[in-house]
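The values are calculated or read from the model by the stated rules, or taken from the named source; none is laboratory data. From a predicted model like this one, the values you see are computed outputs, not experimental measurements. Note that each Cβ is placed from the backbone with ideal geometry, even for glycine, and that neighbours are counted across all protein chains shown.
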Amino acid sequence: MLRSIFIIFFYQLMGEAIKKIFEIRIPGPVIGLVLLLITLILLKRLKTKFVNNLKKDVADTSTYILKYLSFLFVPIGVGVVMHFSYLENNLSKVLFIVFVSTILTIGISAFLMEKINKRINKK
């Protein structure tokens, strides 16, 4: 488990480094996650015992970490409370953005699910 946590944090560090070097506005952990995904896809073709153990360890550790995902939102909540005055001044804009993005997310998800169901039913 320690090895897989190191790998996950290493990719997060790589994402942060790429973000700083290239001055990208995408969060470093997201870049690291994409890099880890690409690595796992490329390693999927290799059938060595080391690679299989590595993939299993990373999957197990990720599942374990996801159990405690709600705790990771605590710092975000604290950040919102710390900047409450900014939020208060722009409340109408924030509520509008949240409303529109929620409607778009539901609509796009429904559209994609309908397309996926049609493809599944054709087979």
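Among the residues of segment 1-44, those identified as among the basic types (Lys, Arg) and more than 22 Å from residue 63 (Cα to Cα) are 19, 20, 25. Considering segment 1-43, the residues that are touching an Asp or Glu at 6+ places or on another chain (Cβ under 9 Å) and outside any helix (DSSP H, G or I) include one that is surrounded by the fewest Cβ atoms within 10 Å (Cβ to Cβ), namely 1. Number of residues in segment 57-76 that are modelled with pLDDT of 85 or more and either surrounded by 10 or more Cβ atoms within 10 Å (Cβ to Cβ) or in a helix (DSSP H, G or I) (or both): the value is 11.
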